[in-house]
Amino acid sequence: MEPCFYKEMASPTGLLRLVATSAHLVGVQWRINEDYSRNEHFLKDVNHPLLLEAERQLNDYFGGKLKVFALPVMLEGSDFQKKVWELLAGIPYGKTISYGEMARRMGDTKTVRAVGGALNKNPVPIIVPCHRVIGADGKMVGFGGGMQRKIFLLNLENPKPQLDLW
């Protein structure tokens with residue numbers, strides 16, 4: 001496996017660890033309880049060009065200047081997870097979709113729980129916008145980074161988030 005490099009960045013949602021190989025962003029992790037959600041051993045590189053670009057784009061996103069990320073991302077997971085993440089990447093800025101609608105678009109409404117599980121395993125939240133998936137009734141449910149972060153991100157993109165099928 002190719003070595004991974006990381007740098008940390010401050011964000012309005014808390015400290016983020018950005019992780020990349022030499023050519024792809026592979027992780028965006030929140031520091032939770034003095035640890036990161038995924039504990040691999042990475043090499044610190046605060047000058048890694050891709051990590052610097054990811055930090056720049058995230059800062060622009062948090063500053064309201066960026067709506068679509070342009071980063072080379074490598075998503076490792078099952079075929080089902082990759083299909084869910086690919087669908088997620090198509091949800092426009094400021095829009096939301098329900099878990100059930102995600103499952104329907106995946107081709108099987110019975111996979112709603114599996115869709116939720118794939119969202120929870122998303123290695124690059126924010127970049128691949130799992131925060132844009134909400135409950136069918138418009139309620140905020142489930143988010144690996146914590147509900148406060150999900151609400152913050154939705155409010156950043158649209159101060160009046162609602163179920164808005166795109």
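The values are calculated or read from the model by the stated rules, or taken from the named source; none is laboratory data. Keep in mind that what you see is a predicted model, and the values were worked out from it rather than measured. With ideal geometry, Cβ positions are generated from the backbone for all residues, glycine too; neighbour counts draw on all protein chains shown. These area figures cover heavy atoms from the full protein model, side chains too; ligands, DNA and RNA do not enter into them. Shrake-Rupley method; radii C 1.70, N 1.55, O 1.52, S 1.80 Å.
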Virtual paramagnetic centre 7 Å along Cα→Cβ of N120, amide N under 15 Å, in region 56-94: 81
For region 1-111, accessible area per residue (1.4 Å probe, heavy atoms of protein chains only), Å²: 54
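On the accessible surface of region 47-106, probed at 1.4 Å, how many percent belong to carbon and sulfur atoms?
52
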May I ask for the Rg/Rh ratio of the chain, computed from Cα atoms with Rh as the Kirkwood radius, given to two decimals? 0.95
How much accessible surface area, in Å² rounded to 10, belongs to the heavy atoms of M140 with a 1.4 Å probe? 50
Region 41-58 to region 63-142: how many Å between their Cα centroids? 24
Computed, not fitted: 222 nm per-residue ellipticity of the chain from DSSP H runs ≥ 4 (each -39500 (n - 2.57)), nearest 500, equal to -9500 deg cm²/dmol
